[in-house]
Amino acid sequence: MNQEKELFSKMLSGLKARKEAVSRKEYAPLIEEAEALLLKYSTGNSTADISKEALSELYFLTAELLFGNDLAARAATHSKNLANEAKTLEYYNKAIELLDKEEYTCSLWDFLSTAGHRDESIAALDRFIERTGGTAKILSQAAEYILMYADSEDTKTIQKSVNYFYRAIEKEPDRYDTYWAFWTDLEEAVDVCPQLFKEAVLCINKLVELSLPETSKNHDTLGNRYFDMTLLYIKMKEYNKAIKSAQKGLAICGQSNYGKTLLAHCYHITNQPKLAAKYYLAFENIQDIVPSDYQNEYLLYLNRSKKHCKSLWDRTKEFFRNLFKR
């Protein structure tokens, strides 16, 4: 009996290793072997006392193989295999039933969302959170995904997303990925849901804070985060804060066209035309103005500059004409 358990363990390890060594297109023989093992060890056809953990691993591995194989086939044929999809879902659910692991639920969510089952994928995350209280990763994933598809007038769903976000940062207050995932949704969501400005400010400030140390893996993106902060403050019409964050971003990324445009726009809005002109006229080409919404402002300062140059040239010519008349 112990020998059979050892054999099962070796076969499972071997399948895992081979999965990592081949492409998805080559999963078919591995799927056959995995399903043969399931047939033997999950239906009482073996006398070996296989643990729930080991059997759960096998179900999960088989589901992952089927999912990977389906992705490869879908890329080649542009069609779905509904029978394989149903079988994959069954194996994921059995793995989770035997062992409630974060990894399994994340993969189930990935499978369901990739297959286009949006509501089912959210429900899978909800169930894990209800059963276990959730982890920062799962709560963050749920918050991001729910907000991504929420209707701007569906305040109940939006609040559910926000609640998951706060629960995620309560569990891991300094987890960069939580703030980043939610920020990528909030960046545009605030345009139609201004009630989310509070969370947007929280996220972008925390992203900057976590990127400040030179040892941070995200330190090289700090300048861009300051520009994100600038655009957020522009949307909130807090232009003095926007100017400060743009200046901080340009202190790091001095050649950023995006940063220069944002700062020029802020100076224009706050009636500081000389400073607006300084940054707008640093551009030689209108295509360099990002966002393109500000191109009209750029043309305004460009035309003023041309008129000024023409006027100066006319005055210079007049000076020399008068000089030579003497």
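The values are calculated or read from the model by the stated rules, or taken from the named source; none is laboratory data. In this text, all values refer to a predicted model and were calculated from it rather than measured experimentally. Heads up, the Cβs are rebuilt from the backbone with ideal geometry, glycines too, and the neighbour counts pull from every protein chain shown.
Quick one: in region 150-175, of everything that is part of a helix (DSSP H, G or I) and charged (D, E, K, R), which residue is farthest from the chain's Cα centre (by Cα)? Among those residues, the one meeting the criterion is K156.
Here G116 clears all of (1) modelled with pLDDT of 95 or more; (2) under 25 Å from the mean Cα position of the chain (by Cα) except the condition numbered (1).
Here is a yes/no grid of residues against (1) under 29 Å from L37 (Cβ atoms); (2) among the acidic types (D, E); (3) free of Cβ contacts under 8 Å to residues at least 60 places away in the same chain:
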| residue | (1), (2), (3) |
| --- | --- |
| R74 | yes, no, yes |
| K80 | yes, no, yes |
| A95 | yes, no, yes |
| T105 | yes, no, yes |
| G116 | no, no, yes |
| E144 | no, yes, yes |
| L147 | no, no, yes |
| V162 | no, no, yes |
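Residues in region 262-282 that are assigned to a helix (DSSP H, G or I) and either in contact with a Leu (Cβ under 6 Å, 6 or more places away or on another chain) or exposed (fewer than 15 other Cβ atoms within 10 Å of the Cβ) (or both) were compared, and the one that is modelled with the highest pLDDT is Y267. Inside region 176-215, can you point out the residues that are touching a residue at least 12 places away in the same chain (Cβ under 8 Å) and in a loop (DSSP other than H, G, I, E, B)? Hits for region 176-215 are V190, D191, V192, C193.
Quick one: which of D110, D119 is closer than 27 Å to D191 by Cα, part of a helix (DSSP H, G or I) and out of contact with any strand residue (DSSP E or B) (no Cβ under 9 Å at 6 or more places or on another chain)? Checking each option against the conditions leaves just D119.
Within region 21-46, residues that are within 20 Å of N69 (Cα to Cα) have Cβ atoms under 8 Å from residues that are at pLDDT below 95 and of a type in the set (S, T, Y) in no pair, counting only partners at least 6 apart in sequence or on another chain. Checking region 179-190 against the condition returns a match, with at least one residue being closer than 20 Å to K244 by Cα and at pLDDT 95 or above.
Rundown of residues vs (1) part of a helix (DSSP H, G or I); (2) at positive phi; (3) at pLDDT below 95, yes/no style:
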residue: A48; (1), (2), (3): no, no, yes
residue: S56; (1), (2), (3): yes, no, no
residue: T62; (1), (2), (3): yes, no, no
residue: A72; (1), (2), (3): yes, no, yes
residue: A76; (1), (2), (3): yes, no, yes
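A search for C-beta distances below 6 Å between a residue of region 235-263 that is farther than 23 Å from L186 by Cβ and any residue that is surrounded by 24 or more Cβ atoms within 10 Å (Cβ to Cβ) and at pLDDT 95 or above, counting only pairs 6+ apart in sequence or on different chains, returns L250/G259. The criterion of being out of contact with any helix residue (DSSP H, G or I) (no Cβ under 9 Å at 6 or more places or on another chain) and assigned to a helix (DSSP H, G or I) does not hold for Q141. Scanning region 130-146 for residues that are crowded, with 17+ Cβ neighbours inside 10 Å and over 17 Å from the mean Cα position of the chain (by Cα) yields G134, T135.
Here is a check on your reading of the model: is K160 over 27 Å from E90 (Cβ atoms), basic (K, R), out of contact with any Leu (no Cβ under 8 Å at 6 or more places or on another chain) and surrounded by fewer than 22 Cβ atoms within 10 Å (Cβ to Cβ)? Answer is yes for this residue. Taking the stated definitions as given, is E32 surrounded by fewer than 16 Cβ atoms within 10 Å (Cβ to Cβ), modelled with pLDDT of 90 or more and under 30 Å from N2 (Cα atoms)? Spelling it out, E32 is indeed surrounded by fewer than 16 Cβ atoms within 10 Å (Cβ to Cβ), modelled with pLDDT of 90 or more and under 30 Å from N2 (Cα atoms). Filtering region 71-99 to residues that are farther than 20 Å from S56 by Cβ, loosely packed, with under 15 Cβ neighbours inside 10 Å and over 28 Å from the mean Cα position of the chain (by Cα) leaves T77, L82, A83.
Please tell me if T88 is free of Cβ contacts under 8 Å to residues at least 40 places away in the same chain, of a type in the set (S, T, N, Q) and either on the phi < 0 side of the Ramachandran plot or touching a helix residue (DSSP H, G or I) at 6+ places or on another chain (Cβ under 7 Å) (or both). So T88 passes the test.
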